[in-house]
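Quick notes on the structure that follows.
Values quoted throughout were computed directly from the atomic coordinates according to the rules given, and no laboratory measurement underlies them. Bear in mind the structure is a predicted one, so any value in this text is a computation, not a measurement. Glycine gets a Cβ as well: all are built from the backbone with ideal geometry, and neighbour counts include every protein chain shown.
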Amino acid sequence: MRHIGKALFIATVGVLALSGPVMAEEASSAVLANTCFSCHGPDGKSAGAMPWIAGKSTDYITKVMIDFKTGAMDSTVMQRIAKGFSDDEIKALAQYFSTK
Amino acid sequence: MTRITRRSFNKMAGALGATAAMSLAGYPRMAAAASPRVVVVGGGFGGATLARYLHGFDSNIKMTLIEQSKSFVTCPFSNTVIAGMNKIDRVTHGYDGLRGLGIDVVHDTATGIDPAKKTVSLKGGGTLAYDRLVLSPGIAFKWDAIEGYDEKASGSIPHAWKAGPQTVLLRKQLEAMPDGGVFIISPPVNPFRCPPGPAERVSLVANYFKTHKPRSKILVLDPKEKFSKQGLFTEGWKQLYPGMIDYINLSNDGKVVRVDVKGMTLHTDFAEHKGDVINFIPPQKAGAIAEAAGLTNDSGWCPIDQRTFESTVHKGIHVIGDTSIASPMPKSGFAANTQAKVCAAALAAMLKGEDPGTPKFVNTCYSLVAPDYGISVAMVYGFDQGKIVKIKGSGGLSPSGAPAAVRKREADYARGWYDSITRELFA
Ligand SMILES: Cc1cc2nc3c(=O)[nH]c(=O)nc-3n(C[C@H](O)[C@H](O)[C@H](O)COP(=O)(O)OP(=O)(O)OC[C@H]3O[C@@H](n4cnc5c(N)ncnc54)[C@H](O)[C@@H]3O)c2cc1C
């Protein structure tokens, strides 16, 4: 939590690096990543039964999220949540959590 | 990711700011105060999250959190206390974590707001000035909307829809109830906090009865035609508690029109139902302070700009959580938490005179049908044409007919969610 400022810094850069100019109706990576914390803990550092996602590699997180989306990977709720994120958003999230 | 130096970051951030400034109209620049003052009313799911995140985004902000209670008892998992699975301390949290971050937590009740002078008055005396005010006061009850049910009545027929002494009272009553007794629960009309909450309560009380008072019955009197996750709950009830639960909806005379506290009886249009223990959940509206400040509309809730959560009635006041009109999002702790993060990001930017950015939200409501039987409903929300929108194709319910192992996993995740979110709020 102390690192939100830094997170926002990295996250903003992440989006820019990925998709060029930010579109008006696209959320920043910080805002995107914040939606994950409610279950996976601040910065993806889970306190309990929820999977820990901080520090997992960009490739791993991207693949898992895409597999949730397509149904290639079995899940309880993540298949319903992954479908709410575009492939670009997933890449931004993966980059974000890989640096935590 | 390629390494980016601070200089190149500043360059890009500058470019971003410029793009944003050109791309979005309608958010007037504020003079950036050196140390802006933000006052937050309510230290629950919305308010505690907002204080923490806004502080994280910009520790320069002078923040005061006003919360009337010394500790916060969460409604989430309070049904496990009512069913005897947990003690009340499992769902009770303190404010030392927020204080530790340097946030000024004041235990007092906000009694009035002057939107022109930008001040909040406190019950304990004194007023606080703000540059931006955030309200997350939760719900208030419409006492007397149903004949015979006022605040005093809740001392013997609890609502237990704000957690704390009411939760403990209902637990005690259920413990004292003899085997073979009747427990009646009457949920409110829409919209209300936690749509799947009443059915989760029915489930966990049924689980308690099954193991401790197996001859007892549960009657649900619903003033609505249907309820959240109904198919999944009904499937679980048939499997786990056959014959114990009787659900009566609006068409079948489920609407309670009068509460007889002395006679422990709920009256509908055509019948009367006597209970040994009754849980009556009254209809709801915005938190009292929001209503007193004139921030509500005819619906009884607070209209907002859904990008920034700024009130459309009074500028400079942001309203999040149950009290706000954030539809299509439900009134849940998860929703309040994710709204608070969006509002914090918007505020941090606005206080610097920057563009508030674009929201993104997630909501997942877990319910326990039994201690090891969890189900969920989820949705991802984006922002389009000035409104919060459901992302097409996302979200939905746990599958029906799922094997026990899947239900067990969701029950574990329900507990995992609780541990994560309460740590996020209060650690
Ligand atoms: C039985 C039950 C189970 C639930 N289960 C879940 C669940 O599993 N998952 C989920 O996501 N949601 C759940 N909810 C819903 C959740 O509790 C609410 O949606 C959530 O608390 C809303 O957050 P809030 O910040 O709007 O209000 P609250 O969390 O209620 O916070 C409001 C705070 O403001 C304070 N306050 C109010 N007015 C003033 C004032 N004038 N001055 C100072 N302080 C003030 C109050 O004391 C309170 O602490 C459940 C609700 C119930 C009733």
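Okay, here's what the table says:
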{"item": "Pairwise label distance in nanometres, B:Lys315 with B:Thr265, each label 7 Å out on the Cα-Cβ vector", "result": "5.8 nm"}
{"item": "Under 5 Å, built H, 5+ apart or other chain: amide partners of B:Val134", "result": "B:Val39, B:Val40, B:Val41, B:His318"}
{"item": "Residue order, fewest to most surrounding Cβ atoms within 10 angstrom, among B:Cys302, B:Cys365", "result": "B:Cys365, B:Cys302"}
{"item": "Packing-based ranking, highest mean first, of B:102-109, B:309-316, B:62-69, A:37-44 given that Cβ atoms within 10 Å are counted", "result": "A:37-44, B:62-69, B:309-316, B:102-109"}
{"item": "Whole-Hz ³J(HN,Hα) from phi, Karplus 6.51 cos²θ - 1.76 cosθ + 1.60, for the range B:69-74, glycine and proline x", "result": "9, 6, 9, 10, 9, 6"}
{"item": "Mean ellipticity per residue at 222 nm, deg cm²/dmol - from DSSP H runs of n ≥ 4 across chain B, formula -39500 (n - 2.57)", "result": "-9500 deg cm²/dmol"}
{"item": "Charge context of B:Asn337, other residues only, Cβ under 11 angstrom, K/R +1, D/E -1", "result": "+1"}
{"item": "Percent antiparallel among DSSP beta bridges (both partners in chain B, rounded to 5)", "result": "55 percent"}
{"item": "Exceeding the 29 Å Cα-Cα cut-off - candidates A:Lys63/B:Lys341; A:Lys91/B:Lys392; B:Lys274/B:Lys331", "result": "B:Lys274/B:Lys331"}
{"item": "Rounded tilt (10° steps) of B:45-57 against the dominant C-alpha axis of chain B", "result": "20 degrees"}
{"item": "Ascending count of other beta-carbon atoms within 10 Å, so fewest first, for A:Val31, B:Val369, B:Val41", "result": "A:Val31, B:Val369, B:Val41"}
{"item": "Order of B:Leu128, B:Leu397 under a 10 Å beta carbon neighbour criterion, fewest first", "result": "B:Leu397, B:Leu128"}
{"item": "Amide hydrogen neighbours beyond the local backbone of B:Asn86, cut-off 5 Å, H modeled", "result": "B:Val81"}
{"item": "Residue-by-residue Karplus 3J(HN,Hα) for the range B:342-348, coefficients 6.51, -1.76, 1.60, Hz, glycine and proline x", "result": "5, 5, 5, 5, 5, 5, 4"}
{"item": "³J(HN,Hα) computed for each position of the range B:140-151 - Karplus, 6.51 cos²θ - 1.76 cosθ + 1.60, integer Hz, glycine/proline x", "result": "10, 9, 8, 4, 6, 5, 10, 3, x, 10, 10, 4"}
{"item": "For B:Phe383, residues with placed amide H under 5 Å, excluding near neighbours", "result": "B:Val389"}
{"item": "Inter-site label distance for A:Tyr60 and B:Thr111 at 7 Å from Cα along Cβ, in nm", "result": "5.6 nm"}
{"item": "Set of lysines with alpha-carbon distance to B:Lys152 below 19 Å, sequence-local pairs under 8 removed", "result": "B:Lys142, B:Lys162, B:Lys172, B:Lys262, B:Lys285"}
{"item": "Formal net charge of residues neighbouring B:Ala349 (Cβ-Cβ distance under 10 Å; K, R +1; D, E -1)", "result": "-2"}
{"item": "Cα shape, the range A:25-98, gyration tensor, a/c 1.5 rule", "result": "rounded"}
{"item": "Contour minus Cα-Cα distance for B:Asn297 and B:Asp104 (0.36 nm per residue)", "result": "66.3 nm"}
{"item": "Mean Cα-pair separation over length for chain B, i.e. relative contact order, pairs under 8 Å, 6 or more apart, %", "result": "19 percent"}
{"item": "Relative contact order [Cα under 8 Å, 6+ residues apart], the range B:367-427, whole percent", "result": "38 percent"}
